[in-house]
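Some notes on the structure that comes next.
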Amino acid sequence: MNCFEARSDFVAFWQKTLAYERRAQLLFHLNGCTRCDHSFRIFALSAPGIYSAIEPDWSSAADRRPSLNREALGPSRAWSSAERPSIVQMLTRVLPAFVMAAAAAFVLYFAAPAPMTFEDAIIAGNLNAEGATYPATDSVFGRELMAQDTTAPDVSDE
Amino acid sequence: MVAALSARLGTWSEAVRPDAELIAEVRKGNPSAFAELAARYRDRVERLCLRFFSDHEIVRDLTQESFIRAFAGFSTYRAEMPFTSWLRAIVANVCYDELRRRRRRPEELVADFSSPEANWIQLVDQSTPEKIVEAAEQRREAHILAHRLLESLRPDDRMVMVLRESEGLSVDEVATIMGWSAAKVKIRAFRARQSMRKLAESILSQQRGRGVQ
(Lines give C-alpha, C1' and ligand atoms only; values in the text may rest on other atoms or scores of the structure.)
Protein backbone atom coordinates (compact mmCIF):
# COMPACT_ATOMS: atom_id res chain seq x y z
CA MET A 1 0.00 0.00 0.00
CA ASN A 2 1.38 3.42 -0.92
CA CYS A 3 0.75 6.73 0.85
CA PHE A 4 -2.00 7.84 -1.54
CA GLU A 5 -3.93 4.59 -1.07
CA ALA A 6 -3.46 4.74 2.67
CA ARG A 7 -4.80 8.27 2.94
CA SER A 8 -7.77 7.52 0.74
CA ASP A 9 -8.71 4.74 3.17
CA PHE A 10 -8.83 7.02 6.22
CA VAL A 11 -12.57 7.66 5.99
CA ALA A 12 -13.48 3.99 5.56
CA PHE A 13 -11.15 3.08 8.42
CA TRP A 14 -12.76 5.71 10.63
CA GLN A 15 -16.23 4.51 9.75
CA LYS A 16 -15.15 0.88 10.23
CA THR A 17 -16.22 -0.10 6.77
CA LEU A 18 -12.78 -1.13 5.59
CA ALA A 19 -12.29 -4.79 4.72
CA TYR A 20 -10.22 -6.73 7.22
CA GLU A 21 -7.29 -7.29 4.91
CA ARG A 22 -7.23 -3.69 3.71
CA ARG A 23 -7.44 -2.50 7.28
CA ALA A 24 -4.45 -4.60 8.23
CA GLN A 25 -2.51 -3.16 5.28
CA LEU A 26 -3.41 0.37 6.34
CA LEU A 27 -2.34 -0.21 9.93
CA PHE A 28 0.90 -1.74 8.74
CA HIS A 29 1.51 1.28 6.51
CA LEU A 30 0.71 3.76 9.28
CA ASN A 31 3.06 1.94 11.57
CA GLY A 32 5.93 2.40 9.14
CA CYS A 33 5.16 5.81 7.58
CA THR A 34 5.50 8.77 9.90
CA ARG A 35 4.00 11.22 7.41
CA CYS A 36 0.83 9.18 6.93
CA ASP A 37 0.65 8.52 10.65
CA HIS A 38 0.82 12.28 11.27
CA SER A 39 -1.82 12.86 8.60
CA PHE A 40 -4.09 10.33 10.24
CA ARG A 41 -3.79 12.08 13.60
CA ILE A 42 -4.68 15.40 12.00
CA PHE A 43 -7.57 13.72 10.26
CA ALA A 44 -8.71 12.22 13.59
CA LEU A 45 -9.15 15.64 15.18
CA SER A 46 -11.80 16.74 12.71
CA ALA A 47 -13.24 13.35 11.72
CA PRO A 48 -15.72 13.07 14.62
CA GLY A 49 -17.48 16.18 13.29
CA ILE A 50 -17.43 15.15 9.66
CA TYR A 51 -17.33 11.40 9.24
CA SER A 52 -18.67 9.95 12.48
CA ALA A 53 -22.30 9.16 13.02
CA ILE A 54 -24.15 12.10 14.45
CA GLU A 55 -23.33 12.33 18.10
CA PRO A 56 -26.08 11.71 20.63
CA ASP A 57 -27.79 14.48 22.51
CA TRP A 58 -25.43 14.19 25.48
CA SER A 59 -26.97 17.06 27.35
CA SER A 60 -30.51 15.71 27.43
CA ALA A 61 -29.74 11.99 27.34
CA ALA A 62 -29.75 11.78 31.11
CA ASP A 63 -32.97 13.74 31.45
CA ARG A 64 -34.84 11.87 28.80
CA ARG A 65 -37.47 9.49 30.04
CA PRO A 66 -37.09 6.01 28.67
CA SER A 67 -40.81 5.37 28.41
CA LEU A 68 -41.90 7.51 25.52
CA ASN A 69 -39.85 9.41 23.02
CA ARG A 70 -42.42 11.74 21.56
CA GLU A 71 -39.90 13.33 19.25
CA ALA A 72 -39.20 10.02 17.63
CA LEU A 73 -42.85 9.18 17.29
CA GLY A 74 -44.40 12.46 16.46
CA PRO A 75 -43.84 14.92 13.67
CA SER A 76 -41.85 18.10 13.90
CA ARG A 77 -42.62 20.45 16.75
CA ALA A 78 -43.54 23.03 14.21
CA TRP A 79 -46.36 20.97 12.88
CA SER A 80 -47.38 18.65 15.62
CA SER A 81 -50.71 19.58 17.07
CA ALA A 82 -50.13 16.89 19.69
CA GLU A 83 -46.99 18.57 21.00
CA ARG A 84 -47.99 22.17 20.53
CA PRO A 85 -50.32 23.18 23.38
CA SER A 86 -53.74 23.96 21.99
CA ILE A 87 -55.75 26.97 23.11
CA VAL A 88 -57.90 24.70 25.26
CA GLN A 89 -54.81 23.19 26.88
CA MET A 90 -53.35 26.61 27.49
CA LEU A 91 -56.62 27.85 28.96
CA THR A 92 -56.95 24.86 31.25
CA ARG A 93 -53.43 25.55 32.42
CA VAL A 94 -53.94 29.26 32.91
CA LEU A 95 -57.58 29.27 33.97
CA PRO A 96 -57.24 27.76 37.46
CA ALA A 97 -54.83 30.49 38.47
CA PHE A 98 -56.99 33.10 36.84
CA VAL A 99 -60.17 31.79 38.49
CA MET A 100 -58.44 31.65 41.86
CA ALA A 101 -57.28 35.23 41.50
CA ALA A 102 -60.71 36.39 40.41
CA ALA A 103 -62.39 34.52 43.26
CA ALA A 104 -59.98 36.00 45.76
CA ALA A 105 -60.63 39.49 44.43
CA PHE A 106 -64.38 38.84 44.55
CA VAL A 107 -64.25 37.65 48.17
CA LEU A 108 -62.07 40.54 49.25
CA TYR A 109 -64.35 43.03 47.57
CA PHE A 110 -67.49 41.76 49.27
CA ALA A 111 -65.95 40.83 52.60
CA ALA A 112 -64.47 44.27 53.13
CA PRO A 113 -66.82 46.88 54.61
CA ALA A 114 -68.27 48.89 51.80
CA PRO A 115 -67.26 52.53 51.84
CA MET A 116 -70.64 53.97 52.66
CA THR A 117 -71.25 57.62 52.16
CA PHE A 118 -73.58 59.48 54.38
CA GLU A 119 -76.16 59.98 51.68
CA ASP A 120 -76.07 56.21 51.02
CA ALA A 121 -76.87 55.67 54.65
CA ILE A 122 -79.81 58.05 54.47
CA ILE A 123 -81.17 56.41 51.32
CA ALA A 124 -80.79 52.99 52.88
CA GLY A 125 -82.48 54.22 56.04
CA ASN A 126 -79.47 53.23 58.03
CA LEU A 127 -79.17 55.58 60.93
CA ASN A 128 -76.11 53.92 62.23
CA ALA A 129 -74.13 56.42 60.26
CA GLU A 130 -71.02 56.18 62.35
CA GLY A 131 -69.70 53.69 59.91
CA ALA A 132 -70.11 56.07 57.02
CA THR A 133 -66.84 57.12 55.48
CA TYR A 134 -65.92 59.84 53.11
CA PRO A 135 -63.15 58.78 50.90
CA ALA A 136 -60.91 61.42 49.49
CA THR A 137 -62.36 60.82 46.07
CA ASP A 138 -65.85 61.54 47.23
CA SER A 139 -68.03 63.29 44.77
CA VAL A 140 -68.59 67.00 44.83
CA PHE A 141 -72.26 66.22 45.24
CA GLY A 142 -71.51 64.23 48.41
CA ARG A 143 -69.46 67.01 49.89
CA GLU A 144 -72.20 69.48 49.20
CA LEU A 145 -74.71 67.25 50.93
CA MET A 146 -72.50 66.87 53.96
CA ALA A 147 -71.96 70.58 54.16
CA GLN A 148 -75.69 71.20 54.04
CA ASP A 149 -76.74 68.36 56.35
CA THR A 150 -76.31 69.56 59.89
CA THR A 151 -77.46 66.23 61.26
CA ALA A 152 -74.42 64.56 59.94
CA PRO A 153 -72.41 63.21 62.88
CA ASP A 154 -68.94 64.39 63.46
CA VAL A 155 -66.91 61.27 62.94
CA SER A 156 -63.65 63.06 63.48
CA ASP A 157 -63.94 62.51 67.23
CA GLU A 158 -63.71 58.78 66.73
CA MET B 1 -64.79 -9.37 9.14
CA VAL B 2 -64.36 -8.02 5.63
CA ALA B 3 -65.14 -4.51 6.85
CA ALA B 4 -62.60 -4.81 9.65
CA LEU B 5 -60.02 -6.12 7.23
CA SER B 6 -60.64 -3.38 4.71
CA ALA B 7 -60.53 -0.79 7.49
CA ARG B 8 -57.23 -2.24 8.61
CA LEU B 9 -55.89 -2.24 5.08
CA GLY B 10 -57.10 1.31 4.69
CA THR B 11 -55.21 2.35 7.79
CA TRP B 12 -52.15 0.51 6.59
CA SER B 13 -52.23 2.10 3.14
CA GLU B 14 -52.66 5.49 4.78
CA ALA B 15 -49.67 4.83 7.03
CA VAL B 16 -47.34 4.26 4.09
CA ARG B 17 -48.70 6.83 1.70
CA PRO B 18 -46.01 7.68 -0.83
CA ASP B 19 -44.41 11.12 -0.86
CA ALA B 20 -45.99 11.95 -4.20
CA GLU B 21 -49.46 11.44 -2.80
CA LEU B 22 -48.73 13.63 0.21
CA ILE B 23 -47.16 16.29 -2.00
CA ALA B 24 -50.26 16.31 -4.19
CA GLU B 25 -52.39 16.82 -1.10
CA VAL B 26 -50.19 19.66 0.11
CA ARG B 27 -50.63 21.28 -3.27
CA LYS B 28 -54.37 21.02 -2.83
CA GLY B 29 -53.99 22.95 0.40
CA ASN B 30 -54.00 20.18 2.98
CA PRO B 31 -51.52 21.18 5.71
CA SER B 32 -51.88 17.88 7.56
CA ALA B 33 -50.28 16.14 4.57
CA PHE B 34 -47.30 18.43 5.01
CA ALA B 35 -47.21 17.56 8.70
CA GLU B 36 -46.93 13.92 7.67
CA LEU B 37 -44.10 14.74 5.28
CA ALA B 38 -42.36 16.72 7.99
CA ALA B 39 -42.66 13.81 10.40
CA ARG B 40 -41.20 11.51 7.79
CA TYR B 41 -38.17 13.71 7.08
CA ARG B 42 -37.61 15.27 10.45
CA ASP B 43 -34.79 12.94 11.48
CA ARG B 44 -32.93 13.50 8.24
CA VAL B 45 -33.31 17.25 8.54
CA GLU B 46 -32.04 17.15 12.12
CA ARG B 47 -29.09 14.99 11.14
CA LEU B 48 -28.05 17.47 8.48
CA CYS B 49 -28.42 20.40 10.87
CA LEU B 50 -26.32 18.52 13.43
CA ARG B 51 -23.49 18.48 10.94
CA PHE B 52 -23.39 22.26 11.22
CA PHE B 53 -24.37 22.84 14.83
CA SER B 54 -23.67 20.72 17.88
CA ASP B 55 -26.26 22.43 20.07
CA HIS B 56 -29.45 20.40 19.90
CA GLU B 57 -31.63 23.38 20.77
CA ILE B 58 -30.30 25.28 17.78
CA VAL B 59 -30.80 22.19 15.66
CA ARG B 60 -34.44 21.93 16.70
CA ASP B 61 -34.99 25.58 15.87
CA LEU B 62 -33.33 25.19 12.49
CA THR B 63 -35.33 22.07 11.75
CA GLN B 64 -38.49 23.98 12.48
CA GLU B 65 -37.33 26.93 10.41
CA SER B 66 -36.54 24.58 7.52
CA PHE B 67 -40.00 23.08 7.52
CA ILE B 68 -41.59 26.50 7.76
CA ARG B 69 -39.59 27.66 4.75
CA ALA B 70 -40.43 24.48 2.91
CA PHE B 71 -44.12 24.92 3.57
CA ALA B 72 -44.06 28.59 2.65
CA GLY B 73 -42.17 27.90 -0.56
CA PHE B 74 -43.93 24.70 -1.50
CA SER B 75 -45.08 26.19 -4.79
CA THR B 76 -41.43 26.24 -5.92
CA TYR B 77 -41.15 22.47 -5.61
CA ARG B 78 -41.20 20.66 -8.93
CA ALA B 79 -42.41 17.09 -9.00
CA GLU B 80 -39.67 15.94 -11.36
CA MET B 81 -36.97 16.46 -8.74
CA PRO B 82 -36.73 14.27 -5.64
CA PHE B 83 -38.40 15.78 -2.62
CA THR B 84 -35.36 14.95 -0.48
CA SER B 85 -33.06 16.99 -2.71
CA TRP B 86 -35.41 19.96 -2.62
CA LEU B 87 -35.75 19.74 1.15
CA ARG B 88 -32.00 19.27 1.62
CA ALA B 89 -31.34 22.44 -0.35
CA ILE B 90 -33.70 24.34 1.94
CA VAL B 91 -32.10 22.93 5.08
CA ALA B 92 -28.60 23.66 3.77
CA ASN B 93 -29.57 27.26 3.07
CA VAL B 94 -31.19 27.68 6.48
CA CYS B 95 -27.99 26.39 8.09
CA TYR B 96 -25.87 28.58 5.82
CA ASP B 97 -27.80 31.68 6.89
CA GLU B 98 -27.36 30.71 10.52
CA LEU B 99 -23.64 30.08 10.05
CA ARG B 100 -23.20 33.52 8.54
CA ARG B 101 -25.20 35.06 11.34
CA ARG B 102 -23.11 33.34 14.00
CA ARG B 103 -19.72 33.83 12.40
CA ARG B 104 -16.97 33.89 15.00
CA ARG B 105 -13.27 34.48 14.73
CA PRO B 106 -11.17 31.32 14.53
CA GLU B 107 -8.87 32.39 17.33
CA GLU B 108 -11.85 32.53 19.70
CA LEU B 109 -12.64 28.94 18.93
CA VAL B 110 -9.36 27.17 19.37
CA ALA B 111 -7.67 29.38 21.92
CA ASP B 112 -8.22 27.26 25.03
CA PHE B 113 -9.16 23.70 25.54
CA SER B 114 -11.05 22.18 28.38
CA SER B 115 -9.34 19.42 30.31
CA PRO B 116 -11.27 16.60 28.55
CA GLU B 117 -10.46 18.19 25.19
CA ALA B 118 -6.78 18.38 26.10
CA ASN B 119 -6.91 14.71 27.11
CA TRP B 120 -8.49 13.84 23.81
CA ILE B 121 -5.79 15.72 21.89
CA GLN B 122 -3.17 13.88 23.90
CA LEU B 123 -4.81 10.57 23.08
CA VAL B 124 -4.91 11.44 19.38
CA ASP B 125 -1.27 12.38 19.54
CA GLN B 126 -0.03 9.33 21.38
CA SER B 127 -2.34 6.36 20.94
CA THR B 128 -2.47 3.88 18.11
CA PRO B 129 -4.88 4.57 15.22
CA GLU B 130 -7.14 1.71 16.33
CA LYS B 131 -7.46 3.10 19.84
CA ILE B 132 -8.16 6.57 18.50
CA VAL B 133 -11.06 5.29 16.38
CA GLU B 134 -12.49 3.31 19.28
CA ALA B 135 -12.16 6.17 21.74
CA ALA B 136 -13.71 8.76 19.42
CA GLU B 137 -17.06 7.00 19.61
CA GLN B 138 -17.17 7.21 23.36
CA ARG B 139 -15.85 10.69 23.91
CA ARG B 140 -18.05 13.70 23.75
CA GLU B 141 -15.04 15.99 23.71
CA ALA B 142 -13.93 14.46 20.42
CA HIS B 143 -17.13 15.71 18.83
CA ILE B 144 -16.95 19.06 20.58
CA LEU B 145 -13.39 19.68 19.45
CA ALA B 146 -14.18 18.63 15.91
CA HIS B 147 -17.12 21.02 15.88
CA ARG B 148 -14.87 23.78 17.16
CA LEU B 149 -12.51 23.10 14.30
CA LEU B 150 -15.36 23.20 11.85
CA GLU B 151 -16.69 26.39 13.37
CA SER B 152 -13.40 28.06 12.65
CA LEU B 153 -14.03 27.68 8.94
CA ARG B 154 -15.67 30.36 6.86
CA PRO B 155 -19.37 29.60 6.34
CA ASP B 156 -18.80 28.94 2.63
CA ASP B 157 -16.00 26.49 3.36
CA ARG B 158 -17.97 24.77 6.02
CA MET B 159 -20.97 24.30 3.77
CA VAL B 160 -18.79 22.64 1.18
CA MET B 161 -16.99 20.54 3.77
CA VAL B 162 -20.21 19.19 5.23
CA LEU B 163 -22.10 18.72 2.00
CA ARG B 164 -19.17 17.15 0.18
CA GLU B 165 -17.56 15.12 2.93
CA SER B 166 -20.33 14.33 5.40
CA GLU B 167 -23.24 14.09 3.00
CA GLY B 168 -21.18 12.71 0.15
CA LEU B 169 -22.66 15.02 -2.46
CA SER B 170 -20.98 15.62 -5.79
CA VAL B 171 -19.49 18.96 -6.76
CA ASP B 172 -22.44 19.60 -9.07
CA GLU B 173 -24.97 18.79 -6.38
CA VAL B 174 -23.31 21.18 -3.95
CA ALA B 175 -23.15 23.82 -6.66
CA THR B 176 -26.87 23.45 -7.32
CA ILE B 177 -27.79 23.64 -3.65
CA MET B 178 -25.64 26.69 -2.98
CA GLY B 179 -26.25 28.39 -6.29
CA TRP B 180 -22.50 28.53 -6.97
CA SER B 181 -20.36 27.46 -9.90
CA ALA B 182 -18.67 24.06 -9.78
CA ALA B 183 -15.30 25.84 -9.81
CA LYS B 184 -16.21 27.79 -6.70
CA VAL B 185 -17.23 24.59 -4.92
CA LYS B 186 -13.89 23.00 -5.78
CA ILE B 187 -11.93 26.01 -4.63
CA ARG B 188 -13.87 26.24 -1.38
CA ALA B 189 -13.43 22.52 -0.76
CA PHE B 190 -9.69 22.81 -1.27
CA ARG B 191 -9.41 25.83 1.01
CA ALA B 192 -11.61 24.22 3.65
CA ARG B 193 -9.40 21.14 3.79
CA GLN B 194 -6.30 23.30 3.92
CA SER B 195 -7.48 25.47 6.76
CA MET B 196 -8.77 22.46 8.73
CA ARG B 197 -5.42 20.80 8.30
CA LYS B 198 -3.52 23.91 9.37
CA LEU B 199 -5.61 24.32 12.46
CA ALA B 200 -5.41 20.66 13.43
CA GLU B 201 -1.65 20.73 12.91
CA SER B 202 -1.29 23.76 15.17
CA ILE B 203 -3.34 22.02 17.85
CA LEU B 204 -1.17 18.92 17.64
CA SER B 205 2.05 20.92 17.69
CA GLN B 206 0.77 22.85 20.74
CA GLN B 207 0.12 19.52 22.41
CA ARG B 208 3.61 18.30 21.56
CA GLY B 209 5.08 21.53 22.86
CA ARG B 210 3.31 20.97 26.16
CA GLY B 211 4.51 17.36 26.19
CA VAL B 212 8.14 18.48 25.76
CA GLN B 213 7.84 21.01 28.59
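The values are calculated or read from the model by the stated rules, or taken from the named source; none is laboratory data. Keep in mind it's a predicted model, so treat the numbers as computed, not measured. For neighbour counting, all protein chains shown are included, and Cβ atoms are generated from backbone atoms with ideal geometry for every residue, glycine included. The accessibility values were calculated without ligands, DNA or RNA, using every heavy atom of the protein model including side chains. Shrake-Rupley method; radii C 1.70, N 1.55, O 1.52, S 1.80 Å.
The distance between label points at B:Phe74 and A:Ala12 comes to 4.3 nm (points 7 Å beyond Cα on the Cα→Cβ vector). When only the Cβ of Lys, Arg, Asp and Glu is charged (+1, +1, -1, -1), the dipole of the stretch B:159-213 relative to its Cα centre reaches about 380 debye. Using a 1.4 angstrom probe on protein heavy atoms only, the contact between A and B buries about 3800 square angstrom of accessible area, both sides summed. Over the stretch B:15-95, the alpha carbon radius of gyration divided by the compact-protein estimate 2.2 N^0.38 Å works out to 1.06. Once the 1.4 Å probe is applied to the protein heavy atoms, the stretch B:69-209 comes out at 49 Å² accessible per residue.
When all alpha carbon pairs of chain B are counted in 10 Å bins from zero, the resulting P(r) reads 7, 27, 28, 19, 11, 5, 2, 0, 0 %.
In straight-distance terms, cross-link reach from B:Lys186 covers every one of the lysines whose alpha-carbon lies under 23 Å from its own, apart from those fewer than eight places away in the same chain; here that gives B:Lys198.
What FRET efficiency comes out for A:His38 versus B:Asp19 if R0 is 51 angstrom and r is the Cβ-Cβ distance? Round to the nearest 0.05. In this case the efficiency is close to 0.65. Here the spin labels are modelled as points 7 Å beyond Cα on the Cα-Cβ line, and at B:Lys186 and B:Gln126 they lie 4.4 nm apart. Compared with its chain on its own, the stretch B:53-67 contains the following residues whose accessible area drops by 40 Å² or more in the full protein assembly (probe 1.4 Å; ligands, DNA and RNA excluded): B:His56, B:Arg60, B:Gln64.
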